[in-house]
Amino acid sequence: MGIKVDFRKRYFKKKSDKRKGKDPVFVLDAQFEAGNELVVLFGRSGCGKTTTLQCISGLLKPNGGKIIVNDTTYFNCHTDINLSVQERGLGYVFQNYALFPHMDVKRNIAYGLNGWPEEDMDKRVEEMLDLLHIKGLEENYPSQLSGGQKQRVALARALAPKPDILLLDEPFSALDMVVRMKLRDKIKEIQRELGIPVIFITHNHVEAFTIADRIIIFHNGRVQQNGTPEEVFYHPENKHVAELVGVNNIFENANILQENDAGETLILQSGKLRVVVNKSCLKETDRTSWGIRPENIRIFPADSNEVSVKDENTFEANVKSIVNKGSSKIIAFELQDHRNLLTAEIWNQFFENTDFDIGNSFLVKMPREKIVLF
């Protein structure tokens, strides 16, 4: 049970370009499988996430391939199956909620229950009002609701018909942080209770890794990685994934110089910069790329007694710039002997107790176990 996706969707600059045999300007090649779990589609704008959701829902027709949800074929180009949106048994929550402004909350929720006996319809609406904690708003119109209330009504309407799959297209983008956090928990609770696939789009990487059972990374119309948050976060498979999950310090195409006697570590060289990494993280190759997250870089005073430049992956560096991030600071360091730039993130408490003026010297250490290879 779950969802199986394997389809292509092509976009041309003009309709006539397709007839003339010109190459498409964008090709979405979506291939992934997921169980009855909460799946986040993650990637930059324009990578194909929303198009994937629209093809699953039936709002768009792929140019080829198949889509199967819980053993029901939604689309198959080989057998000429293309179920309508109504036949697909799904719930869809749009980014702008798409509530009917002329209907009160109760009628908005009941909209997808046309054909149900009135008694069953009323019972189901009451269940949704309880589930989403919007009881008492039945007679309110969308214009009288807050953003969070509108989102809950949209969710209630999508869930009312008992869908086989729930599709959520950046549902929290217009909400403040407190409301977002509450609704994240509610979405996870609903998914566990209903036991259906929930496909969730977000641009927020914290939200993605907080809410997901599985993350599917898109880049330029293709799936780059499909795995648990831990797999994607700690073991990105390429540069595109690494950048998306916050590995800002990336060094590409490093040469592999040698391994230690025990065969546990390797030395990589990127320009003049040499670092020691765990061999177990490396795929079979003679070159690799590596990176480290800003929050994993350790910083010490230049005259520290704790570390020295003779220690593994420890370098002298000067402060180049400082950016205030609110609860933390982003500091760009230039490594003195290598001219490489490293970005580190530190909490304000440490920053306030240390002299981080531009040009000041420090020792920066990249712990071997925090370096990721891809």
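The values are calculated or read from the model by the stated rules, or taken from the named source; none is laboratory data. The model shown is predicted, which means the values in this text are computed figures rather than measured ones. Glycine gets a Cβ as well: all are built from the backbone with ideal geometry, and neighbour counts include every protein chain shown. The accessibility values were calculated without ligands, DNA or RNA, using every heavy atom of the protein model including side chains. Shrake-Rupley method; radii C 1.70, N 1.55, O 1.52, S 1.80 Å.
Among the listed residues M181, M121, identify the single one that is modelled with pLDDT under 95, more than 23 Å from A34 (Cβ to Cβ) and more than 25 Å from the chain's Cα centre (by Cα). Break it down into steps so the answer makes sense when it comes.
Details: M181 fails: more than 25 Å from the chain's Cα centre (by Cα).
Just one listed residue meets the conditions, M121.
Name the residues in the stretch 320-342 that are out of contact with any strand residue (DSSP E or B) (no Cβ under 6 Å at 6 or more places or on another chain) and under 17 Å from D355 (Cβ atoms), would you?
Selection gives N324 alone.
Let me confirm something: among S308, S328, S321, which residue is small (G, A, S) and more than 33 Å from the chain's Cα centre (by Cα)?
Values: S328 fails: more than 33 Å from the chain's Cα centre (by Cα); S321 fails: more than 33 Å from the chain's Cα centre (by Cα).
Step by step, each of S308, S328, S321 is checked, and only S308 is small (G, A, S) and more than 33 Å from the chain's Cα centre (by Cα).
Only helices (runs of 4 or more DSSP H) wholly contained in the stretch 129-234 count here; list those with 2 or more residues that are in contact with a Leu (Cβ under 8 Å, 6 or more places away or on another chain) and surrounded by fewer than 20 Cβ atoms within 10 Å (Cβ to Cβ). Outline the logic, then answer.
Values: elements: 147-159, 177-194, 205-211, 229-234.
Ranges flagged: 147-159, 177-194.
Tell me, which residue of the stretch 70-86 that is part of a loop (DSSP other than H, G, I, E, B) and either in contact (Cβ under 8 Å) with a residue 60 or more places away in the chain or not β-branched (V, I, T) (or both) is surrounded by the most Cβ atoms within 10 Å (Cβ to Cβ)?
First, the residues of the stretch 70-86 that are part of a loop (DSSP other than H, G, I, E, B): 70-71, 77-80, 83-85.
Cutting the leftovers down to either in contact (Cβ under 8 Å) with a residue 60 or more places away in the chain or not β-branched (V, I, T) (or both) gives us 70-71, 77-78, 80, 83-84.
Numbers: N70: 14, D71: 9, C77: 15, H78: 8, D80: 7, L83: 17, S84: 8.
So the residue we want is L83.
Which is open to solvent by less than 40 Å² (accessible area, probe 1.4 Å) and either in contact with a Pro (Cβ under 8 Å, 6 or more places away or on another chain) or at pLDDT below 95 (or both), of V93, V25?
On the way: V25 fails: open to solvent by less than 40 Å² (accessible area, probe 1.4 Å).
Among V93, V25, only V93 is open to solvent by less than 40 Å² (accessible area, probe 1.4 Å) and either in contact with a Pro (Cβ under 8 Å, 6 or more places away or on another chain) or at pLDDT below 95 (or both).
Scan the stretch 336-350 residue by residue and report those that are open to solvent by 90 Å² or more (accessible area, probe 1.4 Å), in contact with a Phe, Trp or Tyr (Cβ under 9 Å, 6 or more places away or on another chain) and part of a strand (DSSP E or B).
Selection gives L341 alone.
Is it the case that some residue within the stretch 34-47 is of a type in the set (K, R), touching a residue at least 40 places away in the same chain (Cβ under 8 Å) and either surrounded by fewer than 20 Cβ atoms within 10 Å (Cβ to Cβ) or more than 30 Å from T210 (Cβ to Cβ) (or both)? Walk me through it before giving the result.
Of the residues in the stretch 34-47, the ones of a type in the set (K, R) are 44.
Adding the requirement that they be touching a residue at least 40 places away in the same chain (Cβ under 8 Å) leaves 44.
Those still in the list that are either surrounded by fewer than 20 Cβ atoms within 10 Å (Cβ to Cβ) or more than 30 Å from T210 (Cβ to Cβ) (or both) too: 44.
Within the stretch 34-47 (the criterion being of a type in the set (K, R), touching a residue at least 40 places away in the same chain (Cβ under 8 Å) and either surrounded by fewer than 20 Cβ atoms within 10 Å (Cβ to Cβ) or more than 30 Å from T210 (Cβ to Cβ) (or both)), the answer is yes, since at least one residue qualifies.
Specify the residue that is farthest from L266 (Cα to Cα); the eligible residues are those in the stretch 284-335 that are open to solvent by less than 40 Å² (accessible area, probe 1.4 Å) and assigned to a loop (DSSP other than H, G, I, E, B).
Restricting to residues being open to solvent by less than 40 Å² (accessible area, probe 1.4 Å) and assigned to a loop (DSSP other than H, G, I, E, B), the top hit is S304.
Would you point out the residue of the stretch 334-367, among those that are of a type in the set (S, T, N, Q) and closer than 14 Å to K320 by Cα, that is nearest to the chain's Cα centre (by Cα)?
Going through the qualifying residues, I end up with T343.
Write out, first by first residue and then by second, each pair whose Cβ atoms fall under 6 Å of each other, whose residues are 6+ apart or on separate chains, and whose first residue, in the stretch 110-139, is in contact (Cβ under 8 Å) with a residue 24 or more places away in the chain while the second is open to solvent by 70 Å² or more (accessible area, probe 1.4 Å).
Cβ pairs passing all conditions: V125/K106; L129/K135; E138/K106.
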